[in-house]
Every structure is written in C-alpha cells, then in structure tokens.
Amino acid sequence: MNAPPRVLILTGAGISAESGLKTFRDNNGLWEEYSVEDVATPEAFARNPELVYRFYNERRAQLTNVCVVPNAAHEALAKLERVLGDSLTLITQNVDNLHERAGSERVIHMHGELLSSRCATTNKTFKCDTPFDGQTLCACCNTPTLRPDIVWFGEMPQHMELIMESISQADIFLAIGTSGNVYPAAGFVLGAKDSGAKCIELNLEPTANNWFFDESISGIATKIVPEFVERLIKEFNL
C-alpha cells in the first residue's frame, strides 16, 4: 500500500465566517468599530491597554457564545485528519478554537489563541476563557503582566520553524479561506511549490495571487471544503 500524501493546510478567517465570527477584513478594514491600529499592535497596547483588553474580552465572549459553533468545513478537515493521521498538518491564522472543537488535534496556531493569555515577562501561556485585564495577576510570577496571547501586527508569528519544516515536506498544500495578502503566510504557497507540492486554493473567490496555485476552487467554505475532502479521500483511496 502506498503511503498517504503529506497534506499541509493553511486556514484563514474565511473558514470561520459561516460560524458567525468577525474578521479584521470586514467592513473596510474595521473590526466592528475598531481599527487594526487601535487594538492589534504593540503600540496600541502600550498606548491604551484598557481598550485592547476590552476588545479581546469582547472577542472571547463572542467565541464562547453558544451560537458560535464549528461548521461543515471545520468538520470536514477534522475528518481528513482522522483519515491521514500524522500525514496531515493544519496551520491556522485564526485565533478561535473551532478546528479543535470540530475534532482536529494537529492544529498549529501561528497567530496565537483567543482562549489563552500570555505573561509578558516569561512568555508562558495559560488557558483562559474569562475576562482579564491589567490588574489580573499572572499565575507564574504573581504580577499583573498578562497580555492577550495574540500575535499583533508587527510581531513574529508563532511556530515558524515547525511551519517551514512542514512546508518543505508537503505533497499537497491547501489554502482555505485566506486572503493571501499578509506575510509570511502569503509566501507559504511559493515555499510549497518549490518543494514540489501541488497547491490548491479554496476560497469564496479567487485571491490576488491565485496564479501561484495549480487549482483554484471558489465558493462558500461549507460547500467546497467538504466536497474537496471527499474528492481527496477517493482520489488516494484513503
């Protein structure tokens, strides 16, 4: 029996949109009434930490609302992981936990996690599904040094060494629900192509750099992702 293909998946905000979550790209660059510069940079946190804490507390409350649940696209990728096992790696730009709630276990959060806090002194992270602010004491040093465990604009994404290794080993690279405009994630397709991977884009509509992909599939994630997963399973007799 031939070894299964090594599949590397990159997901972005488009896969969670049908679960009711807002993205930074909504409403002309605003996330509801907030601009990126107000809530998602180190400078914003230094300038107005109260606003930044409040913003992420609101996002955390939205994510834990009973109305926000994994959709068919999340569930399809969890099914593919159950079939492929260690041959699948899932990288997400999203800070939600919908992949995990759908059943995915091999998830790399390159932009951090909303349901997590991070000590600014030790860099240790802590699971957190409740509000916290500049007065909340950190569990590791008992001082008020907690910040959202989010990679802000201008900061280095997490787990890049592991991500680059996964890119170099991929046979198939899937980009799902991501604009492909923000580096370093925008360059993953080029790295995958250099490594010989077949590159496929699944998005609501073709992205600006869709010519880098061998195939571009357009439509809503809850339709095209399950269909593609079934196609892949049949194609490789998985």
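Packing-wise, with mean Cβ within 10 Å as the measure, how do 170-176, 34-40, 154-160, 68-74 rank, highest first? Each step should come with its number before you reach the end.
Details: 170-176: 23.9, 34-40: 17.1, 154-160: 12.7, 68-74: 20.7.
Result, highest mean first: 170-176, 68-74, 34-40, 154-160.
Panel order for I233, I167, by other beta carbons found within 10 Å of each beta carbon, from fewest to most: I233, I167. Each of N94, F45, Q62 was placed along the dipole of segment 40-104 (beta-carbon charges, centred on the mean Cα), and the one lying farthest toward the positive end is Q62. Under the shape rule built on the C-alpha gyration tensor, where the axes satisfy a ≥ b ≥ c, the chain is prolate, since a/c reaches at least 1.5 and a/b is greater than b/c.
Of the beta bridges in the chain, as assigned by DSSP with both residues counted there, near 30 percent are antiparallel. Taking every alpha-carbon pair under 8 Å whose residues sit at least 6 apart, segment 12-169 reaches a relative contact order of 21 percent.
Placing +1 on the Cβ of every Lys and Arg and -1 on the Cβ of every Asp and Glu, with nothing else charged, gives the chain a dipole about its Cα centre of roughly 360 debye. In the chain, helices alone account for a calculated mean residue ellipticity at 222 nm of -9500 deg cm²/dmol, with every DSSP H run of four or more residues adding -39,500 (n - 2.57).
If I stretch the segment between K198 and E58 completely, what's the gain in nm (0.36 nm per residue apart, minus their alpha carbon distance), one decimal? Before the final figure, lay out each step's value.
Details: separation 140, 0.36 × 140 = 50.40 nm, distance 3.93 nm.
Value of the extension gain: 46.5 nm.
Packing order of peptides 191-198, 204-211, highest average first: 191-198, 204-211 (average count of other Cβ atoms within 10 Å over each peptide's residues). Extension gain, M164 to N65: 0.36 nm times the residue separation minus the Cα-Cα distance gives 32.2 nm. Protection proxy ranking for 105-111, 137-143, using the average of other Cβ atoms within 10 Å per residue and placing the highest first: 105-111, 137-143. Think of segment 111-238 as a dipole: +1 on every Lys or Arg Cβ, -1 on every Asp or Glu Cβ, centred on the Cα centre; then among T145, F213, G180, T145 lies furthest on the positive end. Please work out whether segment 194-237 counts as rounded, prolate or oblate from its C-alpha gyration tensor, where a ≥ b ≥ c are the square roots of the eigenvalues and a/c under 1.5 means rounded, while otherwise a/b larger than b/c means prolate and anything else oblate? Here segment 194-237 falls in the oblate category. The fewest-to-most ranking of T121, T178, T136 by surrounding Cβ atoms within 10 Å reads T121, T136, T178.
Going by how many other beta carbons lie within 10 Å of each one, how would you line up E113, E235, E100, fewest first?
Working: E113 23, E235 9, E100 18.
If I rank by nearby Cβ atoms, fewest first, I get E235, E100, E113.
Can you tell me, using C-alpha contacts under 8 Å and at least 6 residues apart, the relative contact order of segment 96-163 as a whole percent? Kindly include the intermediate steps, with their values, before the conclusion.
Details: 88 pairs, mean separation 22.8, N = 68.
RCO, segment 96-163: 34 percent.
Taking Lys and Arg as +1 and Asp and Glu as -1, the other residues whose beta-carbon sits under 10 Å from that of S104 total 0. Calculate the FRET efficiency for S218 and T143 from the Cβ-Cβ distance with a Förster distance of 41 Å, rounded to the nearest 0.05. For R0 = 41 Å, the calculated efficiency reads 0.25.
Relative contact order, percent, of segment 138-238 when contacts are C-alpha pairs under 8 Å separated by at least 6 residues?
Values: 106 pairs, mean separation 19.3, N = 101.
Normalised by residue count, the contact order of segment 138-238 is 19 percent.
When the square roots of the Cα gyration tensor eigenvalues are ordered a ≥ b ≥ c, the ratio a/c for segment 112-238 is 1.5 or more and a/b exceeds b/c, which makes its shape prolate.
None of the figures in this text is laboratory data; all of them are computed from the coordinates on show. These numbers come from a predicted model, not from an experiment. Note that we place each Cβ from the backbone using ideal geometry, even for glycine, and neighbour counts take in every protein chain shown.
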